[in-house]
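Asker: So that we are looking at the same thing, I have put the structure below in structure tokens.
The values are calculated or read from the model by the stated rules, or taken from the named source; none is laboratory data. Being a predicted model, the structure only gives us computed values, none of them experimental. In this analysis, Cβ positions are derived from the backbone assuming ideal geometry, glycine residues included, and neighbour counts consider all displayed protein chains. Only protein heavy atoms, including side chains, enter the accessible area calculation; ligands, DNA and RNA are left aside. Shrake-Rupley method; radii C 1.70, N 1.55, O 1.52, S 1.80 Å.
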Protein chains: 4
Amino acid sequence: MADQPLSFVTMLGSLRKGSLNRVVAKALPALAPQGVKITALSSLGDLPLYNADIQAEGFPPPVRQMGDAIKQADGVIIVTPEYNYSVPGVLKNAIDWLSRLPDTPFAGKPVDIMSASPSILGGARAHYHLRQSMVFLDALVMNKPEIIITFAAQKLDVENGKISDDATREIVTKNLEAFAAFARRQGSGG
Amino acid sequence: MADQPLSFVTMLGSLRKGSLNRVVAKALPALAPQGVKITALSSLGDLPLYNADIQAEGFPPPVRQMGDAIKQADGVIIVTPEYNYSVPGVLKNAIDWLSRLPDTPFAGKPVDIMSASPSILGGARAHYHLRQSMVFLDALVMNKPEIIITFAAQKLDVENGKISDDATREIVTKNLEAFAAFARRQGSGG
Amino acid sequence: MADQPLSFVTMLGSLRKGSLNRVVAKALPALAPQGVKITALSSLGDLPLYNADIQAEGFPPPVRQMGDAIKQADGVIIVTPEYNYSVPGVLKNAIDWLSRLPDTPFAGKPVDIMSASPSILGGARAHYHLRQSMVFLDALVMNKPEIIITFAAQKLDVENGKISDDATREIVTKNLEAFAAFARRQGSGG
Amino acid sequence: MADQPLSFVTMLGSLRKGSLNRVVAKALPALAPQGVKITALSSLGDLPLYNADIQAEGFPPPVRQMGDAIKQADGVIIVTPEYNYSVPGVLKNAIDWLSRLPDTPFAGKPVDIMSASPSILGGARAHYHLRQSMVFLDALVMNKPEIIITFAAQKLDVENGKISDDATREIVTKNLEAFAAFARRQGSGG
């Protein structure tokens, strides 16, 4: 069981090219434990604003494709900033679309949450609002270790897409090991 | 002071044409106390997904216009569904844009929150997440009476855009009276 | 595995003798699936107010006993009212004590939350605050079906300690079946 | 108006003698703006665990006295740690008692929240749960500047009951000035 290969997808809550959270998401594949592959979902910017009238005419292809990619993955790693003390609208909008898919892709799916922020609380407030949405979606959100990167501008190597701070890189590595064990324990989204 | 005319704007969290919350928002002007004018902000669907790279090139005109309309208003009435146990991405996205405007339009602005839902909790969970965002924005959110319309399909006259349930219409009317008093007490958004 | 007997304990958030939540907690053993035994933890009223200075002199016996009972159980069912839009202080105080025990009893423990209230929202707001505490404690809180009993005075037979409303009894029964399956899947708190 | 003397009371969420939050609370009177007097409410440890059956026989004297002290004050400054990602049970228990008093003392009362913690998030999570309770109580909670003292052990002079970190002392001083202005604007809790 311990050797079962796993495939995780990252979901990035910011559309900004120079986003600190994008740096974190890009750094993850190199920190993953053996046997764990981490790939990025397509941009949340490809989705229109959620509108049930659009849905009634058929789910937009990027929504269906993102839903399929999540269904095939063994877990979802959400890497996101906090906007206005909560989840970015961009990320919430994607969740709103995905939640409407028949056979919703988050049900029973292992989920891991990370946030980074240049400020003192590191995006922590977004975690708990996101967790509340995941209750409705029946996702399985890992508890610990929580990844809340405070003062992220000093801890990330934005140019090279790496986590430069040793302690941060270490806790993120531990988080990925814990998430692999968590996902294996839950079965692959079963 | 009691006679000072007030102008409120409604911000609708759903883009769906047949939205129950749209019915509530449409019913408000007729229930407003004397001297209080309630008009609708333009659709939140006119805003792109928030992206700081777009912002760097200049705020999209619908964002600036919505910000101006809020600044000129004496208060904002947010009427919204709850999606996935939280604030709809569409609404949060608008807040994310508006919050970045220089001289942010929500600072010191009286805010009133209403939700309607066909289900048992009436959208209540969206209220408290929205209130948390409003702390960051330094808005002045009225406490009571809270408008949480449960089983809204039975209480609204969707065809004629009215609140058909007497108790609901009464509490909404009281809410608007309280909000007018609240806004007058705070000064007009000063 | 399906036949493994399970033992759950209930933790009651109200000290009032005539509490609606006490009625719900008392009704659970009779609704439990075969092989599942449900017993009540001792009263949360036996614990002093949390004070680290008291803790420094040794955990009060009722705290240690409650911790042991939770450790030996296969899951904890918290049945609680909502006070002031959040978790009752009485319940939070017990959690604060239990969380300080060496080898904290909630870590990895399956947890199920139920609330009842005479009012329109049924205590729903307490659920999400409680879930946030459980993230820190690394408990495994089941997502669904959520038990939020609105207008509970009409749905409970207070005198005979039963759930008189059919739909409520049915969803509580389903919740207990789901919780037994959830606890078996997680192992007994491992 | 600017010269109206104000009287604030502090409510301390920890019972521990050596509490970091106690140090913060004790440091406040010396940092208050001219004309503002800050005194401590009696210990929350004097209150029994909330029980409606006890209430039915009459409110315990410490509850009534604390309620009276809050009613007479122009504002309440809550200084509290975060326990288990939320409000301490001790503090919530006091709020649960006070909320039941006829003519509830928090209604319309200006409230200011501060937290200190030896850890990275400074007790931030307690703020938003506390704010949610204050919505029900119809208190007027100031938005900004929020006082969230991270790594508090390094910023406080525990022996002399002072805030030793300059930046922290400065922001707390600004908070008290802002709270005095906020309380004057609201009237004295009217």
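Asker: Once you have the Kirkwood Rh of the range D:1-105 from its Cα pairs, apply Stokes-Einstein at 10 °C and 1.306 mPa s and quote D in µm²/s.
Answerer: Translational D for this selection: 108 µm²/s.
Asker: Tell me which residues come under 5 Å, amide H to amide H, from D:Val111 once H is placed; ignore anything under 5 positions away on its chain.
Answerer: So D:Val111 has HN proximity to D:Val76, D:Leu140, D:Val141, D:Met142.
Asker: For chain D, what is the charge dipole size about the Cα centre, in debye to the nearest 20, if Lys and Arg each add +1 at the Cβ and Asp and Glu each add -1 at the Cβ?
Answerer: I would put it at about 160 debye.
Asker: For B:Pro61, which inter-copy label distances result when the label point lies 7 Å beyond Cα on the Cα-to-Cβ vector, reported in nm to one decimal and in ascending order?
Answerer: Result for B:Pro61, in nm, nearest copy first: 3.1, 7.3, 7.9.
Asker: Given the options D:Ser117, D:Pro145, D:Met134, identify the residue whose Cα lies farthest towards the positive end of the charge dipole of the range D:6-187 (+1 on Cβ of Lys, Arg; -1 on Cβ of Asp, Glu).
Answerer: D:Pro145
Asker: For a distance above 32 Å, tell me the whole-number percent of Cα pairs in chain D that qualify.
Answerer: Distances greater than 32 Å cover 10 percent of the Cα pairs.
Asker: Would you kindly derive the ³J(HN,Hα) couplings of the range A:57-63 from the backbone phi angles with the Karplus curve 6.51 cos²θ - 1.76 cosθ + 1.60 (θ = phi - 60°), listing them in order in whole Hz, with x for Gly and Pro?
Answerer: Couplings: 8, x, 5, x, x, x, 5 Hz.
Asker: List, in the order given, every pair from A:Lys71/A:Lys92; A:Lys144/C:Lys109; A:Lys174/C:Lys71; A:Lys37/A:Lys174; D:Lys26/D:Lys109; B:Lys92/D:Lys174 whose Cα-Cα distance in the structure shown is over 20 Å.
Answerer: Listed pairs above 20 Å: A:Lys174/C:Lys71; D:Lys26/D:Lys109; B:Lys92/D:Lys174.
Asker: While we're here: What distance in nm separates the simple spin-label points at D:Lys37 and A:Lys17, each placed 7 Å from Cα in the Cβ direction?
Answerer: Going by the 7 Å Cα→Cβ label model, 6.2 nm.
Asker: Next question. In whole angstrom, how far apart do the alpha carbon centroids of the range C:135-182 and the range B:23-91 sit?
Answerer: What the calculation gives is 38 Å, centre to centre.
Asker: Once neighbouring chains are kept in place and the probe is 1.4 Å, which whole percent of the accessible area of the protein assembly as shown is contributed by carbon and sulfur?
Answerer: The computed percentage sits at 50.
Asker: Within 10 Å, count the other beta carbons around each residue, average over each peptide in C:122-132, A:82-92, B:144-154, and list them highest first.
Answerer: By packing density, highest mean first, the sequence is A:82-92, C:122-132, B:144-154.
Asker: If you don't mind, another one. In straight Cα distance, which aspartates and glutamates are under 15 Å from B:Lys162, not counting same-chain residues fewer than 8 positions off?
Answerer: Reachable aspartates and glutamates: B:Glu170.
Asker: So, one more: Quick one: 3J(HN,Hα) in Hz for the range A:32-41, Karplus 6.51/-1.76/1.60 with θ = phi - 60°, rounded, Gly and Pro as x.
Answerer: So the Karplus estimates, Gly and Pro as x, are 5, x, 3, x, 10, 9, 10, 10, 8, 5 Hz.
Asker: Could you tell me what fraction of 2.2 N^0.38 Å the Cα radius of gyration of the range C:112-190 comes to, as a two-decimal ratio?
Answerer: Taking the Cα Rg and dividing by 2.2 N^0.38 Å, one obtains 1.20.
Asker: How large is the accessible surface per residue of chain B, computed with a 1.4 Å probe and reported in Å² as a whole number?
Answerer: 38
Asker: Something else now. I'd like the residues of the range B:1-32 whose 1.4 Å-probe accessible area shrinks by no less than 40 Å² going from the isolated chain to the full set of protein chains.
Answerer: Residues passing the criterion (a loss of at least 40 Å², heavy atoms only) are B:Leu15, B:Arg16.
Asker: Once amide H atoms are placed 1.01 Å from N in the peptide plane, what residues at a sequence separation of 5 or more from C:Ile149, or on another chain, have their amide H within under 5 Å of its amide H?
Answerer: Amide H to amide H, under 5 Å and 5 or more residues apart or across chains, C:Ile149 pairs with C:Ser115, C:Ala116, C:Ser117.
Asker: Kindly work out what percent of the DSSP beta bridges joining two residues of the range C:6-187 are antiparallel, to the nearest 5.
Answerer: 15
Asker: Taking H as built 1.01 Å from N, whose amide H comes closer than 5 Å to the amide H of D:Lys162, not counting residues under 5 places away?
Answerer: Residues meeting the amide H criterion: D:Asp157.
Asker: Summed for both chains, how many Å² of accessible area, to the nearest 100, are buried between B and A with a 1.4 Å probe?
Answerer: 2700
Asker: Now, a different point. First check a/c for the range C:45-156, with a ≥ b ≥ c the square roots of the eigenvalues of its C-alpha gyration tensor; if it is under 1.5, answer rounded, and if not, answer prolate when a/b is larger than b/c or oblate otherwise.
Answerer: In terms of gyration-tensor shape, prolate.
Asker: Principal axis extents for the range A:1-62, Cα atoms only, whole Å, descending order, please.
Answerer: 45, 33, 12
Asker: Moving to a separate point now. In nm, one decimal, shortest first: how far is the label point of C:Ala153 (7 Å from Cα along Cα to beta carbon) from the matching points in the other copies?
Answerer: Counterpart label points of C:Ala153 in the remaining copies fall at 3.0, 5.0, 5.7 nm.
Asker: With a bin width of 10 angstrom, please list the P(r) values of the protein assembly as shown as percents of all Cα-Cα pairs, from the 0 bin to the one holding the largest distance.
Answerer: Calculated over all Cα pairs of the protein assembly as shown, the distribution is 3, 14, 24, 28, 22, 9, 1, 0 percent.
Asker: Restricting to Cα pairs below 8 Å that are 6+ residues apart, what does the relative contact order work out to for chain D? Please round to a whole percent.
Answerer: With pairs under 8 Å counted, the relative contact order is 26 percent.
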